[in-house]
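Notes follow once the structure below has been shown.
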Amino acid sequence: MLHLTLPDGSPRELPDHATGYDLAASISEGLARNALAVTVNGEVRDLHRPLPDHAKVSILTWNDPAGKATYWHSSAHLMAEALEALYPGVKLAIGPAVENGFYYDVDLGEGRAISSTDFPEIEKKMVELAKAKSQYVRRAVPKAEAIAYFTDKQDPYKLELIDGLEDGQITFYTQGNFTDLCRGPHIPDTSTIKAAKLMNVAGAYWRGDEKNKQLTRLYGITFPKAKELTEYLERLEEAKRRDHRKLGKELKLFAFSERVGAGLPLWLPKGTALRERLEQFLRKAQVRAGYQPVVTPHIGAKELYVTSGHYEKYGADSFQPIRTPNPGEEFFLKPMNCPHHCEIYKTEPRSYRDLPVRLAEFGTVYRYEQSGELHGLTRVRGFTQDDAHIFCRPDQVKDEFKKVIDIVLYVLNALDFKDFTAQISLRDPENKTKYIGSDENWARAEAAIQEAAAEKGLTTTTELGEAAFYGPKLDFMVRDALGRRWQLGTVQVDYNLPIRFGLEYTAADNSKATPVMIHRAPFGSLERFVAVLIEHCAGNFPLWLTPEQFIVLPISDKFIDYAHEVKTQLEAADLRGTVDARDERIGRKIRDAEMAKTPYLLVVGEKEAEANAVGVRRHGEGDLGAMSVAEFIASVQSQVAAAS
């Protein structure tokens with residue numbers, strides 16, 4: 001018998017040679033029907049592979065991220081089969097799953113191309129092939145056989161991949177008339193692929209090297225139900241309407257200029273007001289939590305980043321050094337705030353009684369992102385981190401970490417990000433060369449994060465190999481209103497930078513000890529956070545945050561003076577807004593204010609002027625009737641107080 005352990009810790013016994021499908025069937029008929037793959041001791045495997053004894057196992061369905069990834073990787077093979085049928089002689093490179101769907105890089109040969117007009121034919125062929133219910137069959141093959149197979153197919157890309165593989169570790173997968181070099185895993189058969197849509201076609205250099213041939217990259221997505229594809233496409237259309245680049249321009253929040261430089265955003269007055277209110281919101285929370293604000297320069301001497309390790313890890317991808325007239329003197333645009341904060345810590349002697357020291361800065365940093373990777377505010381070359389670094393004793397690490405979690409949760413709650421998980425990002429145990437520091441310190445840091453997250457009751461996932469080079473971290477993965485996943489706040493435990501910078505404090509026994517450093521940024525970066533926030537709320541910002549809470553709309557020139565009187569009264573009550581004094585009809589003013597997503601539209605005419613009142617319209621809701629100015633002020637102030 002096989003002795004297995006399920007995700008909830010319960011044991012289960014099955015006959016020898018039982019498969020993941022057998023396990024699913026032993027749990028329920030419905031689970032067996034919906035099962036796509038199985039995890040065995042954390043490794044995703046085909047559902048029909050025999051299970052090993054004493055394994056921890058979990059059945060994967062469409063509702064599991066790893067289940068979707070397996071489904072979409074299998075769909076990439078199905079698309080490749082369709083391409084071979086429609087484009088004889090096509091050469092195949094690689095076809096992985098991505099966050100939403102899959103792609104396959106292919107060489108169509110000279111004189112052939114695929115455009116969006118060809119998509120329907122390929123989609124139709126995919127669905128036709130899927131109906132054959134072809135099983136995905138795994139087969140281990142000797143290296144010589146693999147070479148012979150793809151030599152016969154004249155596929156140089158597969159041959160190059162095989163060249164890097166060891167004999168005895170090569171597998172083929174076959175479904176229908178299609179065979180591919182692949183380590184898997186795959187879903188049981190093609191029958192669950194009910195709907196297919198090709199999303200995009202692009203060029204991609206083989207292995208990402210521009211010296212190699214440019215291939216055709218076809219992106220696609222599939223679903224087990226046609227209805228799910230329809231809903232996905234509707235969400236994409238909504239995402240286009242919510243695109244922060246589009247709304248940022250329409251709402252006059254930010255802009256980019258080729259003369260200033262790619263990836264360097266210009267914050268316009270309304271956008272500046274928005275980001276400043278975000279800063280003020282977090283500054284107040286930080287002061288209450290015992291943080292001390294600091295300011296550091298935008299540049300630093302090269303030696304600073306050599307000491308921190310940032311130069312070794314990122315120097316080749318940074319902006320080029322700034323050389324001064326002094327021979328040998330070099331500076332870099334600041335890629336990180338933490339080395340500067342280490343130097344602030346060193347400015348005075350520290351005792352164990354002084355710790356923790358919490359230093360906070362809205363510090364602008366610079367990274368030379370490749371031009372093809374730049375994207376609005378989500379991927380830029382200059383951005384401001386809501387950075388803070390806590391220097392504490394080892395016995396304080398877990399409590400300080402939990403306090404940081406509280407701040408992150410406060411931020412997410414205030415801005416209506418309710419759906420999130422906390423990703424515990426650990427070191428890759430198989431490749432420790434990417435990291436600095438001792439195994440002992442890494443173990444202590446990872447344990448502190450895991451324990452703190454558990455004690456705060458967070459829903460967590462664990463990812464190996466996603467740690468920062470100097471320490472493990474807790475990343476908050478947030479889903480927006482459209483269900484998209486974003487990495488926002490981050491918290492990191494670091495035993496290594498304090499050692500590299502020679503940081504010390506005097507311990508209780510009068511000896512010298514090294515503090516532990518906690519890096520944290522609840523927003524992550526203001527630019528990225530604002531981009532996600534714009535798309536999450538479609539530009540309808542919370543009332544306490546929005547740059548303009550009201551606009552006064554006089555129905556004619558005769559009431560412009562009264563409109564300004566109303567504005568003055570509202571501003572005296574700490575409300576923000578403006579007057580639309582244009583020579584336009586009131587209907588046009590209302591439409592423009594609605595387009596600008598101004599929360600309150602205050603219409604004023606003769607009756608309102610006589611009663612010191614306003615006619616109130618709420619964006620997206622319509623007419624709320626007349627209110628005195630005092631009533632309106634009280635209403636808005638109560639809403640702001642309740643939300644913030």
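The values are calculated or read from the model by the stated rules, or taken from the named source; none is laboratory data. Worth saying up front: this structure is predicted, and the values here are computed from it rather than measured. Because the Cβ atoms are built from the backbone with ideal geometry, glycine has one as well, and the counts that use them run over all protein chains shown.
Go through the range 3-106 and tell me which strands (runs of 3 or more DSSP E), entirely inside it, have 1 or more residues that are buried (at least 22 other Cβ atoms within 10 Å of the Cβ) and not charged (D, E, K, R). Talk me through it step by step, then tell me what you get.
On the way: elements: 11-14, 37-40, 43-45, 57-60.
In the range 3-106, 37-40, 57-60 are the strands (runs of 3 or more DSSP E) which contain 1 or more residues that are buried (at least 22 other Cβ atoms within 10 Å of the Cβ) and not charged (D, E, K, R).
In the list Asp118, Asp107, which residue meets the criterion of being touching a residue at least 40 places away in the same chain (Cβ under 8 Å), touching a strand residue (DSSP E or B) at 6+ places or on another chain (Cβ under 9 Å), over 30 Å from Asp16 (Cβ atoms) and not assigned by TED's automatic domain parsing to the domain that holds Leu36?
On the way: Asp118 fails: touching a residue at least 40 places away in the same chain (Cβ under 8 Å).
Only one candidate qualifies: Asp107.
If only residues of the range 33-55 that are at pLDDT below 95 and small (Gly, Ala, Ser) are counted, the one that is farthest from Leu2 (Cα to Cα) is Gly42.
Count, please, the residues in the range 553-597 that happen to be in a helix (DSSP H, G or I) and within 29 Å of Ala641 (Cβ to Cβ). First the steps, then the outcome.
Residues of the range 553-597 that are in a helix (DSSP H, G or I), as a first pass: 557-572, 586-595.
The next check asks that each one be within 29 Å of Ala641 (Cβ to Cβ); those that pass are 562-572, 590, 593-595.
Within the range 553-597, residues that are in a helix (DSSP H, G or I) and within 29 Å of Ala641 (Cβ to Cβ) number 15.
Checking the condition surrounded by fewer than 19 Cβ atoms within 10 Å (Cβ to Cβ) and of a type in the set (S, T, N, Q), which residue from Ser511, Ser525 passes?
Criteria check complete, one pass: Ser511.
Quick one: in the range 378-400, which of the residues that are assigned to a helix (DSSP H, G or I) and out of contact with any Cys (no Cβ under 9 Å at 6 or more places or on another chain) is surrounded by the fewest Cβ atoms within 10 Å (Cβ to Cβ)? Restricting to residues being assigned to a helix (DSSP H, G or I) and out of contact with any Cys (no Cβ under 9 Å at 6 or more places or on another chain), the top hit is Asp395.
Going by the structure shown, is Gly620 in contact (Cβ under 8 Å) with a residue 60 or more places away in the chain, loosely packed, with under 13 Cβ neighbours inside 10 Å and assigned by TED's automatic domain parsing to the domain that holds Leu575?
Values: in contact (Cβ under 8 Å) with a residue 60 or more places away in the chain: yes; loosely packed, with under 13 Cβ neighbours inside 10 Å: yes; assigned by TED's automatic domain parsing to the domain that holds Leu575: yes.
Criteria met by Gly620.
The set of residues in the range 247-300 that are outside the structural domain of Ile322 (by TED's automatic domain parsing), touching a residue at least 12 places away in the same chain (Cβ under 8 Å) and among the aromatic types (Phe, Trp, Tyr) comprises Phe254, Trp267. A Cβ distance below 9 Å, combined with a sequence gap of six or more or placement on separate chains, defines the contacts here; from the range 359-372, residues that are outside any strand (DSSP E or B) reach residues that are of a type in the set (Lys, Arg) in the pairs Arg367/Arg381; Tyr368/Arg381; Glu369/Arg379; Glu369/Arg381.
Residue-level analysis places Ala196 outside the set of residues that are part of a strand (DSSP E or B), small (Gly, Ala, Ser), assigned by TED's automatic domain parsing to the domain that holds Leu161 and within 19 Å of Pro156 (Cα to Cα).
Does the range 139-153 include one or more residues that are over 15 Å from Leu83 (Cβ atoms), touching a helix residue (DSSP H, G or I) at 6+ places or on another chain (Cβ under 9 Å), assigned to a helix (DSSP H, G or I) and among the acidic types (Asp, Glu)? No; the residues of the range 139-153 include none that is over 15 Å from Leu83 (Cβ atoms), touching a helix residue (DSSP H, G or I) at 6+ places or on another chain (Cβ under 9 Å), assigned to a helix (DSSP H, G or I) and among the acidic types (Asp, Glu).
Out of everything in the range 125-160 that is β-branched (Val, Ile, Thr) and within 23 Å of Asp107 (Cα to Cα), what residue ends up being surrounded by the fewest Cβ atoms within 10 Å (Cβ to Cβ)? Steps first, answer last, please.
At the first step, the residues of the range 125-160 found to be β-branched (Val, Ile, Thr) are 127, 137, 141, 147, 151.
Cutting the leftovers down to within 23 Å of Asp107 (Cα to Cα) gives us 127, 147, 151.
On the way: Val127: 17, Ile147: 16, Thr151: 13.
Filtering the range 125-160 for residues that are β-branched (Val, Ile, Thr) and within 23 Å of Asp107 (Cα to Cα), the one surrounded by the fewest Cβ atoms within 10 Å (Cβ to Cβ) comes out as Thr151.
Ala452 - would you say it is part of a helix (DSSP H, G or I) and touching an Asp or Glu at 6+ places or on another chain (Cβ under 9 Å)? Before the answer, list the steps.
Working: part of a helix (DSSP H, G or I): yes; touching an Asp or Glu at 6+ places or on another chain (Cβ under 9 Å): yes.
In short, yes.
As for the range 84-94, it holds at least one residue that is more than 21 Å from Cys182 (Cβ to Cβ) and out of contact with any Asp or Glu (no Cβ under 8 Å at 6 or more places or on another chain).
Of the residues making up the range 564-573, at least one is free of Cβ contacts under 8 Å to residues at least 24 places away in the same chain, surrounded by fewer than 17 Cβ atoms within 10 Å (Cβ to Cβ), under 18 Å from Ala273 (Cα atoms) and of a type outside the set (A, V, I, L, M, F, W, C).
Checking the structure you have, find out if any residue of the range 425-433 is assigned to a loop (DSSP other than H, G, I, E, B), free of Cβ contacts under 8 Å to residues at least 60 places away in the same chain and either touching an Asp or Glu at 6+ places or on another chain (Cβ under 6 Å) or not assigned by TED's automatic domain parsing to the domain that holds Tyr305 (or both).
Step one: of the range 425-433, the residues assigned to a loop (DSSP other than H, G, I, E, B) are 427-431.
Restricting the remaining residues to those that are free of Cβ contacts under 8 Å to residues at least 60 places away in the same chain gives 427-431.
Subset that is either touching an Asp or Glu at 6+ places or on another chain (Cβ under 6 Å) or not assigned by TED's automatic domain parsing to the domain that holds Tyr305 (or both): none.
Checking the range 425-433: not a single residue is assigned to a loop (DSSP other than H, G, I, E, B), free of Cβ contacts under 8 Å to residues at least 60 places away in the same chain and either touching an Asp or Glu at 6+ places or on another chain (Cβ under 6 Å) or not assigned by TED's automatic domain parsing to the domain that holds Tyr305 (or both).
Filtered by the rule that a residue be touching a residue at least 24 places away in the same chain (Cβ under 8 Å) and out of contact with any helix residue (DSSP H, G or I) (no Cβ under 6 Å at 6 or more places or on another chain), the range 177-193 gives Asn177, Thr179, Cys182, Gly184, Pro188, Asp189, Ser191, Thr192.
Take Phe331 and tell me if it is part of a strand (DSSP E or B) and assigned by TED's automatic domain parsing to the domain that holds Ile344. Working first, answer last.
Working: part of a strand (DSSP E or B): yes; assigned by TED's automatic domain parsing to the domain that holds Ile344: yes.
For Phe331, the condition - part of a strand (DSSP E or B) and assigned by TED's automatic domain parsing to the domain that holds Ile344 - is met.
Could you identify the single residue in Ala76, Ala85, Ala93 that is of a type outside the set (S, T, N, Q), modelled with pLDDT of 95 or more, farther than 30 Å from Pro7 by Cβ and in contact with a Phe, Trp or Tyr (Cβ under 8 Å, 6 or more places away or on another chain)? Break it down stepwise before answering.
Values: Ala76 fails: farther than 30 Å from Pro7 by Cβ; Ala85 fails: in contact with a Phe, Trp or Tyr (Cβ under 8 Å, 6 or more places away or on another chain).
The match here is Ala93.
Condition first: over 14 Å from Tyr495 (Cβ atoms) and surrounded by 14 or more Cβ atoms within 10 Å (Cβ to Cβ). Now tell me which residues in the range 427-461 satisfy that.
Just the residues of the range 427-461 that are over 14 Å from Tyr495 (Cβ atoms), to begin with: 428-434, 450-461.
Answer for the range 427-461, where residues must be over 14 Å from Tyr495 (Cβ atoms) and surrounded by 14 or more Cβ atoms within 10 Å (Cβ to Cβ): Asp428, Gln450, Glu451, Ala452, Ala453, Lys456, Leu458, Thr460.
Which of the residues that make up the range 604-615 are part of a strand (DSSP E or B), closer than 19 Å to Arg582 by Cα and either over 43 Å from the mean Cα position of the chain (by Cα) or of a type in the set (A, V, I, L, M, F, W, C) (or both)? Of everything in the range 604-615, those that are part of a strand (DSSP E or B), closer than 19 Å to Arg582 by Cα and either over 43 Å from the mean Cα position of the chain (by Cα) or of a type in the set (A, V, I, L, M, F, W, C) (or both) turn out to be Val604, Val614. With respect to Lys249, is the statement that it is among the charged types (D, E, K, R) and surrounded by 18 or more Cβ atoms within 10 Å (Cβ to Cβ) true? It is false that Lys249 is among the charged types (D, E, K, R) and surrounded by 18 or more Cβ atoms within 10 Å (Cβ to Cβ). Return yes when Glu238 is over 30 Å from Tyr157 (Cβ atoms), surrounded by fewer than 15 Cβ atoms within 10 Å (Cβ to Cβ) and of a type outside the set (Lys, Arg) and no when it is not. Yes.
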